[in-house]
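**Student:** A single structure is presented below for examination.
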Amino acid sequence: MEKTIKGKAFVLGDNIDTDQIIPAEHLVYSMSDPKESQLYGKFALSSVPQKESGLPMGNIPFVKEGEEFSEYTIIIGGSNFGCGSSREHAPFALMKAGVKAVVAESFARIYYRNSVDGGFVIPYEAKEKLNDVISTDDEVEIMLNENKLINNTTQKVYALNPLGDILPIIEAGNLFEYARKSGMIA
Amino acid sequence: MGMTITEKILAKGAGKNSVVPGENVWLNVDVLMTHDVCGPPTISIWKKEFGEKAKIWDKQKLVIFPDHYIFTSNPHANRNVEVLRSFAKDYDVQNYYDVGTDRYKGVCHIALAEEGYNIPGTILFGTDSHTCTSGAFGMFSTGVGNTDAAFILGTGKIWEKVPESLLFTFDGELPSFITAKDLILRVLGDITTNGGTYRALEFNGDAIFSLSVDERMTLTNMAIEAGAMNGIIEADEIIENYVKERSEKSYELFQSDGDAKYKQKYHYKASEFEPLVAKPHSPDNVDTVQNVKGRKLTKCYIGSCTGGKLSDFVSAAKFLFGNEVKVPTFIVPASTAVARQLEIETVSGVSLKEIFEKSSCVVAQSSCAACLGGPMDTIGRAKDNEIIISTTNRNFPGRMGSKKSEVYLASPLTVAASALTGEITDPRDYM
Ligand code: SF4
């Protein structure tokens, strides 16, 4: 597991649901074919209403027109990130777009499990509401060992909740690797 | 210390005498359900992780219902059904309900009930967030993603964090024109889409136990709209009778102890309820129909695992009987069994299907259809900036198709009354 995750922040509002993360019409693509599965990255966050895409200004596309990857590696959300459907395609799409971690005030259960068990993106809970104080395009850095987020643009530091019980799964890579390491499966 | 029904079932599934909220446990899964959207990626993860020797832990416990993208020409969607079909064939999966055959059932959560897979006291995981619907049968049921499902497929086990429970008690009798949809919308308005996260929502009270099986499923179905892990209602005689008609399996009934600990208890007087809607764009953006009545509509939709059950259509038919709808109105029976019932059940001697057709509704084939938008050729899909009232469970931006559309969620009675006027209408005003 990398010790720090560094990159540009993309800021979203509260209650970002899985239909906004990856609209249902795209759920038909193969998730295992390397080329076809990149379409998930291309359409990641494509149903977020424009004025709420890339706060505080909004109107910032997460993935630029015609591209398949995003320039943003860290998403800053509010409360209840990932609510809605059980589609694992949601954290998968974010990973495909190039996201490494989502920092939010709280996560919806299935999204949270999927992020961790699938080994797609790290879901980090912030101790305070960060989508009000961080702006899209800020350069941020997550220190995993210290459970903190540094905003290099504003020089502010924020505490994150330790990953706790799920840390061993994240460290192993995904649920299967974890189960292998602990001898549950061969 | 007493336990809630959810804690008792999880303790049994974990092979323990007791569990406490917050504890992570490994559960033995009784049934794993999947469908055409999440089944193929689940299978591919399972094959990749378990390799050549990948084995289904217990074939009888795997149930596959293609239901989401069925009546479409979208090649990718059709390929997904093809993947399920060959998987079922290659691995001899008996509980596969293929499209285009008379085994086809329609929406998974309703089909699970109809086909006798919902058994009190058991543990069901499904690759669909509305798997919580089955909690109406006094069982633990919840949604998971593909990786978790692939893990279950190979091992029959999965980890889960024991949830705290919230208890919702509805005393007294429901007034006429109030349905389970109005009850659950009220709960959502009160606790918000975040209020149930990592929690169990337990429902009880006279008003709940007077509800039909269909109506109980409407309540537990939308537990996930509060972010809940599961929704649950203790099984009573009504449930036992329903189960016995469909399954020969033995079952165990669990009840919450009198001294069980709840994170919070909510009390409602059923008699004080009035018709409610969830306004765009969130199921917790709840208001009374009285406050939004008159809003002009472009489309009405009665369908899905929430609002496409027989009881929903019986309610709607009473309004539509002998009347003409003012805006395009879609009738989408959740399952093929419900579709057949539409031809059998009558109101004043006329079949429900005929009532709908005579009132100019479009009666569609059973599937998830426009509940989640779906491919472009999906029947009833939201276009442009349509304004829709629907009996479905979600109205997030773009959920029914177009990002620019606005969706109001309401009971089948409210939707039917609104279909007749072309604007949001209180069913009590219409009669
Ligand atoms: S009917 Fe709608 S909510 Fe129900 S399973 Fe299908 S898509 Fe999901």
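**Student:** Any residues in region B:25-44 that have 10 Å² or more less accessible area with all protein chains than in their chain alone, probe 1.4 Å, and which are they?
**Tutor:** The answer is B:Trp26, B:Val37, B:Cys38, B:Pro41, B:Ser44.
**Student:** So if I average 1/r over every pair of distinct C-alpha atoms in chain A and take the inverse, what Kirkwood radius in Å does that give? Each step should come with its number before you reach the end.
**Tutor:** Details: mean 1/r = 0.0611 Å⁻¹.
Roughly 16.4 Å, rounded to one decimal.
**Student:** Next up: Ignoring ligands, DNA and RNA, what percent of the 1.4 Å accessible area of region B:276-429 is carbon and sulfur?
**Tutor:** Here carbon and sulfur together make up 49 percent of the probe-accessible area.
**Student:** So what are region B:162-312's ellipsoid semi-axes, whole angstrom, largest first, if each one is the square root of 5 times an eigenvalue of the alpha-carbon gyration tensor? Don't skip to the answer; put the middle values down first.
**Tutor:** Values: eigenvalues 136, 74, 45 Å².
Semi-axes from the Cα gyration tensor: 26, 19, 15 Å.
**Student:** Shifting gears a bit: What FRET efficiency comes out for the pair A:Asp33/B:Ser360, r = Cβ-Cβ distance, R0 = 41 Å, nearest 0.05?
**Tutor:** Given R0 = 41 Å and the Cβ-Cβ separation, E is 0.40.
**Student:** Under the definition of Cα pairs under 8 Å and six or more residues apart, what whole-number percent is the relative contact order of chain B?
**Tutor:** Details: 1071 pairs, mean separation 75.0, N = 431.
Reported relative contact order: 17 percent.
**Student:** Determine, at each q value in 0.11, 0.14 (inverse angstroms), the log₁₀ of I(q)/I(0) that the Debye formula gives when each Cα of region B:20-100 is one equal point scatterer.
**Tutor:** -0.34, -0.52
**Student:** Additional query: With each label point set 7 Å from Cα along the Cα-Cβ vector, what nm distance links B:Asp206 and B:Asp190?
**Tutor:** Placing both labels 7 Å beyond Cα along the Cβ direction yields 1.7 nm.
**Student:** Something else: Sequence gap at least 6, Cα distance under 8 Å: using those rules, report the relative contact order of chain A to the nearest whole percent.
**Tutor:** Working: 433 pairs, mean separation 44.5, N = 186.
About 24 percent, as a whole number.
**Student:** With the radius of gyration and the Kirkwood radius both derived from the Cα set of region B:10-268, what is their ratio Rg to Rh? Please list the in-between numbers first.
**Tutor:** Values: Rg = 18.3 Å, Rh = 18.9 Å.
Ratio of gyration radius to Kirkwood radius: 0.97.
**Student:** Let me ask you something else. Within 10 Å of each Cβ of B:201-208, how many other protein chain Cβ atoms are there on average?
**Tutor:** Working: counts 0, 0, 0, 0, 0, 0, 0, 0.
Taking the mean over all residues of the peptide, I get 0.
**Student:** Before rounding to the nearest 500, sum -39500 (n - 2.57) across all DSSP H runs of length at least 4 in chain B and divide by the residue total; then give [θ] at 222 nm in deg cm²/dmol. Could the numbers behind the result be given before it?
**Tutor:** Working: 16 runs with 139 residues, N = 431.
The per-residue figure over chain B is -9000 deg cm²/dmol.
**Student:** Okay, next question. Find the accessible area per residue for region A:4-181; the probe is 1.4 Å, ligands and nucleic acids are left out, and the unit is Å². Show your work: numbers first, answer last.
**Tutor:** Working: 6420 Å² over 178 residues.
Spelled out: the 1.4 Å probe surface of region A:4-181, per residue, equals 36 Å².
**Student:** When ligands, DNA and RNA are left out and all protein chains stay put, how many square angstrom of accessible area per residue does region B:345-431 have with a 1.4 Å probe?
**Tutor:** Values: 2840 Å² over 87 residues.
Normalised by residue count, the accessible surface of region B:345-431 is 33 Å².
**Student:** Whenever you get a sec, line up B:Trp57, B:Trp46, B:Trp26 from highest to lowest accessible area (probe 1.4 Å, protein heavy atoms). All intermediate terms of the calculation are to be shown ahead of the outcome.
**Tutor:** On the way: B:Trp57 60, B:Trp46 0, B:Trp26 80 Å².
If we order B:Trp57, B:Trp46, B:Trp26 from most to least accessible, we get B:Trp26, B:Trp57, B:Trp46.
**Student:** Follow-up question, since we're still on this one. What accessible area, summed over both chains, is buried at the A-B interface (1.4 Å probe, Å², nearest 100)? Kindly include the intermediate steps, with their values, before the conclusion.
**Tutor:** Details: alone 9050 and 16660 Å², together 21980 Å².
The summed interface area works out to 3700 Å².
**Student:** Can you give me the accessible area per residue for region B:10-268, using a 1.4 Å probe, in Å²? Could the numbers behind the result be given before it?
**Tutor:** On the way: 8980 Å² over 259 residues.
Result: 35 Å² per residue.
**Student:** Within 15 Å, Cβ to Cβ, of A:Lys3, how many net charges do the neighbouring residues add up to if Lys/Arg are +1 and Asp/Glu are -1? Provide the component values of the computation, followed by the final result.
**Tutor:** Details: positive: A:Lys6, A:Lys100, A:Lys148; negative: A:Glu2, A:Glu141, A:Glu146, A:Glu171.
Result for the neighbourhood of A:Lys3: -1.
**Student:** Report the accessible area of B:Ser176, computed with a 1.4 Å probe over the heavy atoms of all protein chains in place, in Å² rounded to the nearest 10.
**Tutor:** Counting only protein heavy atoms, the figure is 90 Å².
**Student:** Give me the net charge for the shell around A:Ala104: Cβ to Cβ below 12 angstrom, other residues only, Lys and Arg +1, Asp and Glu -1. Don't skip to the end; give the middle numbers.
**Tutor:** Working: positive: A:Lys127, A:Lys129; negative: A:Asp14, A:Glu105, A:Glu125, A:Glu128.
Within the 12 Å Cβ shell, the charges total -2.
**Student:** Ok, one more. Once you compute Rg and the Kirkwood Rh from C-alpha atoms, what is the Rg to Rh ratio for the protein assembly as shown?
**Tutor:** Working: Rg = 23.0 Å, Rh = 24.3 Å.
Expressed as Rg/Rh, it is 0.95.
**Student:** Give me log10 I(q)/I(0) at q = 0.20, 0.26, 0.28, 0.29 Å⁻¹ for region B:207-247, Debye formula, one equal scatterer per alpha-carbon, no solvent.
**Tutor:** -0.64, -0.91, -0.98, -1.01
The values are calculated or read from the model by the stated rules, or taken from the named source; none is laboratory data. Note that this is a predicted model, so its numbers are computed, not measured. Cβ coordinates were reconstructed from backbone atoms using ideal geometry, including for glycine residues, and neighbour counts include every protein chain displayed. Side chains are part of the model used for accessible areas, which takes the heavy atoms of the whole protein and leaves out ligands, DNA and RNA. Shrake-Rupley method; radii C 1.70, N 1.55, O 1.52, S 1.80 Å.
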